[in-house]
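A.B. asks: Can you read through this structure? Questions will come right after.
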Amino acid sequence: MRGCHNSVTAALFSVCIILLAGCGGGGSGGGALPSVPHSTTVTLLITDAQPQLVAYEQGTRGAWTLLPAGQESFSVSGSGAYGVAWVCPDSSPLMTDIVQTTLSELTTIPVACSAPVLDATVSGTIQTSAIADVEFATVNGSTVYGFTDNSGTYSISVAPGSQDIMAAVTDSSENLLAIHTLSNVDVPSSGLTGENITFDASDAMGPSATVTFANLPTNAGATSGSSVYYGNPNDRYWLGGGTGTSCSYLTMPAADLGADSNYDISAYSSLGVTPGEVTVELFTSTPPASMTYPNPLSVASPTNTDTPAFSLDYTGFSGLSGGQMYYEIEESISNQPVFAVVTPGFLSASGSTYALPDVNPSGGSFPATVGTSGDLFEWSIFAEYASTSLFQSLGPFYFADVSAKQNPHAQSVTKLASVRVESASPLSGFVYTASTSGTPVNLP
């Protein structure tokens, strides 16, 4: 995925059709009045910066209409399909994001463009004398420099609001010894000083545990890996990892289970010589003993036409419940990126064969979303199934906009779209993914 990986709330509403009944008069003038189409408002939940361009369509292949600058909603008639497309001013090259869905699936669409993030500074002392063999300390993933003789001072940057502040200590071999959590710290925009951290014996890491993985692909050349973290969407600590069918990790001390934090268990397996991979990720306060990979996704390469189309009919999530499925389609046309989220309802209305739309509203100049003769065409497709709680609170673009950078025992999660997700903490739920890609071709 693109980095997933938004602080958005995607509300799901059922669509009502209002029928007006008429009274019969004398003669041929009686009878029921015709039904009146119901109009539903679709809201764009814009976080951080305003998009440079926004357009929408009604139906599965309707004309695209440019939304006036600053307008954050539009109306869709009836109960059918619609699409939204936007371009963020910060992307280079400019990239078009597209959502094609139905009113019964989504009426609030996350639109995330980067903007400068104004963090607050939190500082204090750290004292670890209650834990033996401590050599290094970090707070929210940042190394405490000058830490010596079990004490030091720290200074970190966090977003204003309620935050879990987590400190970890390791020995000289960087083995994790203890974690201490300051839970629900109310951080004003002006920052905090004197937010002191003192470890005690109850902060020592708990015993090891193991999670196993079933349905691991057996393709020749397949590789796999798994990790367990603990933390929140902005900072998390690595507790263990593995390969193949099992992953061992240290459990959290019961005294330090933060109000805004959870375990994050993630695993992947490539398909070897076959392009693609399968992944599973679970956010939970109680890790399970086992998890199961979804079946691989297979999508036939499109015919070499100027509008490549894909047959999307994945059934690998049929045994799951409590979630919502969607597809992510990433295409590049001569290095011009296009990214789309397409829901099953839209595919049902348009047919299971899907091609990216030509977003060309009057009065707006979108980057090309369809190619011309000679263009280099590249593609990847992801079938995803996210728990309803995550899909509603974060939206599908959260999983498309997350990238990760690991620091020995800390995991800092950086959103490519710089979207803050503190209000959605703690994350709770699951995401299954099966992906594939094709060989680049030149359009005829």
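A.B. asks: For region 93-138, name all the residues that are among the polar types (S, T, N, Q), crowded, with 21+ Cβ neighbours inside 10 Å and under 30 Å from ASN150 (Cβ atoms).
C.D. replies: THR128, THR138
A.B. asks: Keeping to region 255-270, report how many residues are of a type in the set (A, V, I, L, M, F, W, C), surrounded by 22 or more Cβ atoms within 10 Å (Cβ to Cβ) and in a loop (DSSP other than H, G, I, E, B).
C.D. replies: Start the filter on region 255-270 by keeping residues that are of a type in the set (A, V, I, L, M, F, W, C), which leaves 255, 257, 259, 265, 267.
With surrounded by 22 or more Cβ atoms within 10 Å (Cβ to Cβ) added as a condition, the list becomes 265, 267.
Within this subset, residues satisfying the condition of being in a loop (DSSP other than H, G, I, E, B) are none.
So the count comes out to 0.
A.B. asks: A further question on this structure: Would you please list the contacts, defined by Cβ atoms under 6 Å and residues six or more apart or on different chains, that run from a residue in region 68-81 that is at pLDDT 90 or above to a residue that is exposed (fewer than 13 other Cβ atoms within 10 Å of the Cβ) and outside any strand (DSSP E or B)?
C.D. replies: none
A.B. asks: In this structure, does TYR327 turn out to be over 30 Å from VAL370 (Cα atoms), at pLDDT 90 or above, crowded, with 22+ Cβ neighbours inside 10 Å and touching an Asp or Glu at 6+ places or on another chain (Cβ under 8 Å)? Step through it out loud before you land on a result.
C.D. replies: Working: over 30 Å from VAL370 (Cα atoms): no; at pLDDT 90 or above: yes; crowded, with 22+ Cβ neighbours inside 10 Å: yes; touching an Asp or Glu at 6+ places or on another chain (Cβ under 8 Å): yes.
Answer is no for this residue.
A.B. asks: Filter region 174-226 for residues that are more than 30 Å from THR128 (Cβ to Cβ) and of a type in the set (Val, Ile, Thr); which is surrounded by the fewest Cβ atoms within 10 Å (Cβ to Cβ)?
C.D. replies: That would be THR218.
A.B. asks: Filter region 282-293 for residues that are surrounded by fewer than 21 Cβ atoms within 10 Å (Cβ to Cβ) and within 18 Å of the chain's Cα centre (by Cα) and give the result. Steps first, please.
C.D. replies: Step one: filter region 282-293 for residues surrounded by fewer than 21 Cβ atoms within 10 Å (Cβ to Cβ), giving 284-286, 288-290, 292.
THR284 - this is the single residue of region 282-293 that is surrounded by fewer than 21 Cβ atoms within 10 Å (Cβ to Cβ) and within 18 Å of the chain's Cα centre (by Cα).
A.B. asks: Please determine, by comparing only the residues of region 307-349 that are in contact with a strand residue (DSSP E or B) (Cβ under 6 Å, 6 or more places away or on another chain) and among the hydroxyl-bearing types (Ser, Thr, Tyr), which one is nearest to GLY80 (Cα to Cα).
C.D. replies: In this case the residue turns out to be THR343.
A.B. asks: Right, another one. Any residue in region 243-254 that is among the polar types (S, T, N, Q), under 19 Å from the mean Cα position of the chain (by Cα) and assigned to a strand (DSSP E or B)? Steps first, please.
C.D. replies: Going through region 243-254, the residues among the polar types (S, T, N, Q) turn out to be 243, 245-246, 248, 251.
From the residues that got through so far, the ones that are under 19 Å from the mean Cα position of the chain (by Cα) too are none.
Scanning region 243-254, I find no residue that is among the polar types (S, T, N, Q), under 19 Å from the mean Cα position of the chain (by Cα) and assigned to a strand (DSSP E or B), so the answer is no.
A.B. asks: Mind checking whether some residue in region 272-293 is part of a strand (DSSP E or B), among the aromatic types (Phe, Trp, Tyr) and in contact with a Phe, Trp or Tyr (Cβ under 8 Å, 6 or more places away or on another chain)? Quick ask: steps written out before the conclusion?
C.D. replies: Our first condition is that a residue be part of a strand (DSSP E or B); within region 272-293, this holds for 277-284, 290-292.
Right, trim to among the aromatic types (Phe, Trp, Tyr) and you get 283.
Those left that are additionally in contact with a Phe, Trp or Tyr (Cβ under 8 Å, 6 or more places away or on another chain): 283.
Checked region 272-293: at least one residue is part of a strand (DSSP E or B), among the aromatic types (Phe, Trp, Tyr) and in contact with a Phe, Trp or Tyr (Cβ under 8 Å, 6 or more places away or on another chain).
A.B. asks: Working carefully through the options PHE136, PHE147, find the one that is touching a strand residue (DSSP E or B) at 6+ places or on another chain (Cβ under 6 Å) and farther than 20 Å from ARG236 by Cβ. Write out each step before concluding.
C.D. replies: Working: PHE136 fails: farther than 20 Å from ARG236 by Cβ.
Residue meeting the stated conditions: PHE147.
A.B. asks: If THR307 satisfies every condition in (1) closer than 30 Å to LEU376 by Cα; (2) crowded, with 16+ Cβ neighbours inside 10 Å but one, which is the exception?
C.D. replies: Against the list (1) closer than 30 Å to LEU376 by Cα; (2) crowded, with 16+ Cβ neighbours inside 10 Å, THR307 comes up short only on (2).
A.B. asks: Within region 158-168, identify whether any single residue is surrounded by fewer than 22 Cβ atoms within 10 Å (Cβ to Cβ) and either over 25 Å from the mean Cα position of the chain (by Cα) or among the β-branched types (Val, Ile, Thr) (or both), and answer yes or no. Steps first, please.
C.D. replies: So in region 158-168, the residues surrounded by fewer than 22 Cβ atoms within 10 Å (Cβ to Cβ) come out as 158-162.
Cutting the leftovers down to either over 25 Å from the mean Cα position of the chain (by Cα) or among the β-branched types (Val, Ile, Thr) (or both) gives us 158.
Within region 158-168 (the criterion being surrounded by fewer than 22 Cβ atoms within 10 Å (Cβ to Cβ) and either over 25 Å from the mean Cα position of the chain (by Cα) or among the β-branched types (Val, Ile, Thr) (or both)), the answer is yes, since at least one residue qualifies.
A.B. asks: Filter region 61-91 down to the residues that are over 21 Å from the mean Cα position of the chain (by Cα) and within 18 Å of GLU331 (Cβ to Cβ) and list them by number.
C.D. replies: Step one: filter region 61-91 for residues over 21 Å from the mean Cα position of the chain (by Cα), giving 61-82.
Selection gives ARG61, TRP64.
A.B. asks: Residue by residue through region 350-365, note down the ones that are aliphatic (A, V, I, L, M) and under 17 Å from VAL87 (Cα atoms).
C.D. replies: LEU356, VAL359
A.B. asks: Checking GLN127 against (1) modelled with pLDDT under 95; (2) within 24 Å of TRP238 (Cβ to Cβ), which test does it fail?
C.D. replies: The one condition GLN127 does not meet is (1).
A.B. asks: Considering only residues that are out of contact with any Phe, Trp or Tyr (no Cβ under 7 Å at 6 or more places or on another chain) and assigned to a strand (DSSP E or B), look in region 221-242 and name the one that is nearest to VAL139 (Cα to Cα).
C.D. replies: Narrowing region 221-242 to residues out of contact with any Phe, Trp or Tyr (no Cβ under 7 Å at 6 or more places or on another chain): 221-223, 232-235, 241-242.
Those left that are additionally assigned to a strand (DSSP E or B): 235, 241-242.
Details: ASP235: 9, GLY241: 21, GLY242: 25 Å.
My answer is ASP235.
The values are calculated or read from the model by the stated rules, or taken from the named source; none is laboratory data. All figures in this text were calculated on a predicted structure; none of them were measured in a lab. Ideal geometry is used to build each Cβ from the backbone, glycine not excepted, and the neighbour counts take in all protein chains shown.
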